[in-house]
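The values are calculated or read from the model by the stated rules, or taken from the named source; none is laboratory data. Source: prediction; values computed, not measured. So basically every Cβ, Gly included, is an ideal-geometry build from the backbone, and we count neighbours across all protein chains shown. Side chains included, ligands, DNA and RNA excluded: accessible areas come from the protein's heavy atoms. Shrake-Rupley method; radii C 1.70, N 1.55, O 1.52, S 1.80 Å.
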Amino acid sequence: MSTNFEKQLEQDIDNASLESLRDILIDKSGDNKLTNRFRALFNLKCVAELYEEKPEDAEKAVNYICECFQDESELLKHEVAYVLGQTKNLKSASKLREVMLDQSQQCMVRHEASEALGALGDKESIPALEKSLKEDPSIEVRQTSELAIERIKWKHSEAAKSEKLQTSLYSSIDPAPPLALDKDYDIAELKSILNNGDEPLFKRYRAMFRLRDIGTDEACFALASGFNDPSALFRHEIAYVFGQLGNPCVVPNLVEVLKRPNEAPMVRHEAAEALGSIATDEVFPILKEHAKDSDEVVRESALVALDMYEYENSNELEYAPA
């Protein structure tokens, strides 16, 4: 989910109670559009972040969010895991560990639970992450757990205290920090690190986020070269970054990825959401086409992107549940 979408989704739903938000999120009535459920999720996220100011409400919000891990929508469950990692609220860590190790959960959901544990920086989660790294049948989940372990170790290291990082324009807690400003990399050097399969994955991600924070067209084209990487996880993160950047120069790259017949759904879904975030006129016929995609995750991602576009171009003052 891109930063632009998140800001829109966090807008208050008519000061709804936590219980009302839960009922929308879990679709108690059975007739809530997926976008409305996303809106309820991000409203609950805002409360879950208040673990210091309003600890009881924050814990209740975490518990209500976690109820959605039983949902049928893999896209929504994946977003639930992402949101929990972004709250900084460690009350969610035990549930995220459970979901990550639960082989009945789809691999995209397990991957996002692993990434969320890294975002929380929870040292107590390292044994579970190591188990995931060794035993999960999905390479995407194993790679995510590798990154999460490295991010937790980095967060609690002296390097995290001493490195000078560029102030990010984005509010997200990323799978890796950008490469530090202590060294003045040029874009060609960062592109080389990004695409060097012999480098540790954590360092390659750090190059990715340094390029994102540079944010020029040249940096975007360097990032787009990562779409040729053999790792679906890596390709999906490139698409996510493009959703944050919102730079139209990469629309052709995202369209090409979305249309790849054998591309992993986790990559195509992220490409669809990135196109929705960029929101130029040319992308909407493409999203409408993929709102009928044969893959459910891609289809739902395109529908959410289209719903958000319709909201942005409507005369509604409040994006309230229908």
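A compact table of results
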quantity	calculated
Lone qualifier among L101, L133 - being over 21 Å from E237 (Cβ atoms), of a type outside the set (V, I, T) and open to solvent by 60 Å² or more (accessible area, probe 1.4 Å)	L101
Hey, E10 modelled with pLDDT under 95, open to solvent by 10 Å² or more (accessible area, probe 1.4 Å) and closer than 27 Å to C107 by Cβ or not	no
Unmet requirement for Q106, which otherwise passes all of (1) over 20 Å from P265 (Cβ atoms); (2) open to solvent by 40 Å² or more (accessible area, probe 1.4 Å)	(1)
Selection within segment 20-53 - surrounded by fewer than 19 Cβ atoms within 10 Å (Cβ to Cβ), free of Cβ contacts under 8 Å to residues at least 40 places away in the same chain and not in a loop (DSSP other than H, G, I, E, B)	S20, D23, C46
Criterion violated by K134 - all others in (1) at pLDDT 95 or above; (2) not in a helix (DSSP H, G or I) satisfied	(2)
Boolean, G226 is assigned to a loop (DSSP other than H, G, I, E, B) and either open to solvent by 60 Å² or more (accessible area, probe 1.4 Å) or closer than 27 Å to P252 by Cα (or both)	no
Subset of segment 138-170 [of a type in the set (G, A, S), in a loop (DSSP other than H, G, I, E, B) and closer than 30 Å to Q103 by Cα]	S138
Residue within segment 241-262 that is in contact with a Phe, Trp or Tyr (Cβ under 9 Å, 6 or more places away or on another chain), in a helix (DSSP H, G or I) and surrounded by fewer than 17 Cβ atoms within 10 Å (Cβ to Cβ) present	yes
Segment 276-301, residues that are out of contact with any helix residue (DSSP H, G or I) (no Cβ under 8 Å at 6 or more places or on another chain), under 15 Å from L75 (Cα atoms) and acidic (D, E)	none
